[in-house]
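A.B. asks: Got a structure for you, questions after.
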Amino acid sequence: MREILSKLLSYRISAISRELSRSCSTSWLGRSESPVLSYSNYQSTKVPPRDPPLIILHGLFGSKSNWSSLGKAFAASGRRVITVDARNHGNSSHVDSMDYLSMADDVERLMYQLDIHKAIILGHSMGGKTAMCLAINKPHLVEQLVVEDVSPDVSRTSAVTSFPQYLAVMRNINFDEQVKTLSEARKIAGSQIQSVFQVCITFNM
């Protein structure tokens, strides 16, 4: 029985790996480009430095600033921490292409730029898929992989494949001309996007 279960588990892991590999090599928004990534660097001067550095990749619609507090906390141990804005996010360049393989290549180029030969990669949600793609395609660059709040199972719609739907909804938000405060605008926007976001979240559970 143990041998059968082991074989079944091995088969499932192989299947997920194949699906993720296909996801990491498929572009859905066209030509791949090489944007300039914005990043923040945290390193304590009070304790001896520790290797390898930690690179943190945020989720869809997030930015490196989401991780600033934790970046500083992680750096207190002596480890160098780099938080990164993904392409089309934060202060990084905006380009036409938006796929996991390209985003993984972006991280590889940044590591080369910063003279980082190997790093611990922490990815949240979309950043987790990017981190998995980097680990699959360039395992020699990844000392350890930390994936948060996302599964390697790509058989369902992921955050990135839902991206055009999110954008379409946000572009169609209608604001009353009488809106005078940011809180009022947030309430109006929230009521209009809640339904489609809930559908996408439920579908991806």
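None of the figures in this text is laboratory data; all of them are computed from the coordinates on show. Since this is a predicted model, take the numbers as computed values, not measurements. Every residue, glycine as well, gets a Cβ built from its backbone with ideal geometry; the counts of neighbours run over all protein chains shown.
A.B. asks: Once fully extended, how much extra length lies between Lys118 and Val36, figured as 0.36 nm per residue of separation less the alpha-carbon to alpha-carbon distance?
C.D. replies: Numbers: separation 82, 0.36 × 82 = 29.52 nm, distance 2.02 nm.
This chain segment gains 27.5 nm when fully extended.
A.B. asks: If I model a spin label at Gln165 and Arg50 as a point 7 Å from the Cα along the Cα→Cβ vector, what separation in nanometres do I get?
C.D. replies: Modelled inter-label distance: 4.1 nm.
A.B. asks: Just to check I understand the Karplus step: with θ = phi - 60° and J = 6.51 cos²θ - 1.76 cosθ + 1.60, what whole-Hz values come out for segment 74-81, glycine and proline as x?
C.D. replies: Once rounded to whole Hz, the list reads 5, 5, 4, 7, x, 7, 6, 10.
A.B. asks: Once R0 is set to 30 Å, what does the formula 1/(1 + (r/R0)^6) return for the Cβ-Cβ distance between Ser151 and Glu108, expressed as a FRET efficiency to the nearest 0.05?
C.D. replies: On the way: r = 23 Å, r/R0 = 0.78.
Calculated transfer efficiency: 0.80.
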